[in-house]
Amino acid sequence: MRLVLGFALVSGLAGCAGMGDSMTAAFADPAKYELYNCKQLEAERKALAARQADLQGLMTKAETGTGGAVVAELAYRNEYIAVRGQSHFAEEAWQRNKCVAGAPPPGAPAPVPPVVAPAPARGAKR
C-alpha cells in the first residue's frame, strides 16, 4: 500500500515538473510591469534573474539528498514557476518599451567626459 501511495505522490509531482512556459504565465500578473520605465525594468529583470538562479540552485541542492526531488517540488517549484512568469512579463515590457541595458532614460543629457589636463612635456620645469 505504501508503495502505491509513494508512486502516486511522485507521479503527481512529476506532472507539475513537466509544466511548460505556458503555465508560468498563470502564476504571474501580466499587468504588473505596464507602468515601469526602463530603469525600473532593468533592476527588476536583474533581481528576477538572481532569484531564479537562487531557486534553481536550491532545487538542485535539495535533489541530491534522500527524497530530495519531493522536497524540491514542495518547497521551491511554485515560487520558481512564479518567478519565471514574472520574468516573462518583465521581458515583454522591456521589449515593448524598446529598452536598452545600461542606457540613460529618455530625455536625459548625454554624459560629459571628464576634462583631463595634458601631461607636462618631458624635461619641462615645473
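The values are calculated or read from the model by the stated rules, or taken from the named source; none is laboratory data. Since the model is a prediction, treat every value here as computed from it, not as a measurement. Cβ atoms come from the backbone with ideal geometry, glycine included; neighbour counts cover every protein chain shown. Remember, those area values only see protein heavy atoms, side chains included, never the ligands or the DNA or RNA. Shrake-Rupley method; radii C 1.70, N 1.55, O 1.52, S 1.80 Å.
On inspection, ALA49 does not qualify as out of contact with any helix residue (DSSP H, G or I) (no Cβ under 9 Å at 6 or more places or on another chain), open to solvent by 50 Å² or more (accessible area, probe 1.4 Å) and within 24 Å of ALA31 (Cα to Cα).
Test GLN56 against the criterion of being within 28 Å of GLY102 (Cβ to Cβ) and over 12 Å from the mean Cα position of the chain (by Cα), and give yes or no. So that I can check it myself, show each step before the final result.
Numbers: within 28 Å of GLY102 (Cβ to Cβ): yes; over 12 Å from the mean Cα position of the chain (by Cα): no.
No, not satisfied.
For VAL112, the conditions (1) in contact with a helix residue (DSSP H, G or I) (Cβ under 7 Å, 6 or more places away or on another chain); (2) modelled with pLDDT under 90 all hold with the exception of (1).
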